[in-house]
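No lab work stands behind these numbers, since they all come straight from the coordinates. As the structure is a prediction and not an experimental result, all values here were calculated from the model. Please note: Cβ atoms are built from the backbone with ideal geometry, for glycine as well, and neighbour counts cover all protein chains shown.
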Amino acid sequence: MKRIIRKILRIRKNETVADGVSRHISQIKKLFYKKKISQNELKSLLSDLGIKKGDTLIVHCSWRNCFMLDMSPSAFIDVLLDLLGDEGTLLMPSFPYKHDKFNVNQDVSAAGVLSEVFRNRESTVRSSFPKGTMSGYGKSAREIIDGHRNSIYEYDSKSPYSNAILAHDAKILLVGMGLHPHKISAFHCGSYDAKSNNELLNKTYSKDCKSLITKDDTTFEFKYVDRIPGCRNNKSSFRRLFNKTPHQTITRKGFNAILFRGYDAYTKAYEYCSGGKTLYRYANK
């Protein structure tokens, strides 16, 4: 049945059904949103939202939902960098499609169009972890990114996400991700750090994995841990926790963006999971 649904809806090979449906909806919306948002207008909107010079900013973006922007992905990145200035740092997820073999310099980002354009930008650096991979540009990018090679889990204390949130007070910008998002990486960081207070979570992060990583013509075996098979995000829990996290939202001409402090999200997840709860579903439960 699932195969039939994917065929009828023309779901792409690397898409979930939900992402495929979202893509079709975006194509329909394009017919109704004729007024475009200029670069100057976007800069003003994001400035009003709370992005300023010197910030460390993590951006998650669904570019297919940004059809009302009168600019290319590269121009959008230019707007962000202009807002952050020389003292700021821009970060985006750039995890690869395959995890057992990962070429840091060459593998395409599976985190969307904007992240792939950003990954290819001159002077952008990319972490060497096969999951939860991040790219960065700016003053603190290398410092934040490089620690990932010493991680044992993609969102542990040495990961770019935790480093940016806990050491650099990063803000997180969600663009085109909807008004009720359920993909919040900061929650994973808080959940992992709470595992010592939660027996179920302690068992959750126990799958031994390895990957062959190639970087600058050097290949090496990398060992790490992952969540156990059958463990997946509980979207309802993510959304409920996000609603309790302080955040600012803008909507204009079909465009939506949400900004929040990474530490606020991290703390909500840490406290929630330290209380014996989990943000995940398990196949055997």
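If you add up the charges near residue 211, with Lys and Arg at +1 and Asp and Glu at -1, over every other residue whose beta carbon is less than 15 angstrom from its beta carbon, what do you get? Combined, the nearby Lys, Arg, Asp and Glu give +3. A DSSP coil position with no more than 14 other Cβ atoms inside 10 Å describes the following chymotrypsin sites (Phe, Trp or Tyr not before Pro) in the range 78-152: 97. Legend: ranking of residues 154, 143 from fewest to most surrounding C-beta atoms inside 10 Å; resulting order 143, 154.
DSSP bridge analysis restricted to the chain gives an antiparallel fraction near 70%, rounded to the nearest 5. Its alpha carbons give the range 42-164 an Rg and a Dmax of 14.1, 42 Å.
For the chain, set up a Gaussian network in which alpha carbons nearer than 10 Å are linked by springs, and say which option among 48, 264, 107 fluctuates the most. Highest fluctuation among the options: 48. If you run the Gaussian network model on the chain, springs between alpha carbon atoms under 10 Å, then out of 68, 92, 134 the most flexible one is 68.
The calculated pair-distance distribution of the range 209-285 uses every alpha carbon pair, bins of 5 angstrom beginning at 0, and gives 3, 11, 14, 15, 13, 12, 13, 12, 6, 1 percent.
Mean residue ellipticity, 222 nm, helices only, the chain: the sum of -39500 (n - 2.57) across DSSP H runs of n ≥ 4, divided by residue count and rounded to 500, is -9500 deg cm²/dmol. Across the chain, Cα-Cα distances exceeding 34 Å account for 18% of all pairs. I want the local charge near residue 74. Using Cβ-Cβ distances under 14 Å, sum +1 for each Lys or Arg and -1 for each Asp or Glu among the other residues. Charge balance near residue 74 sits at -3.
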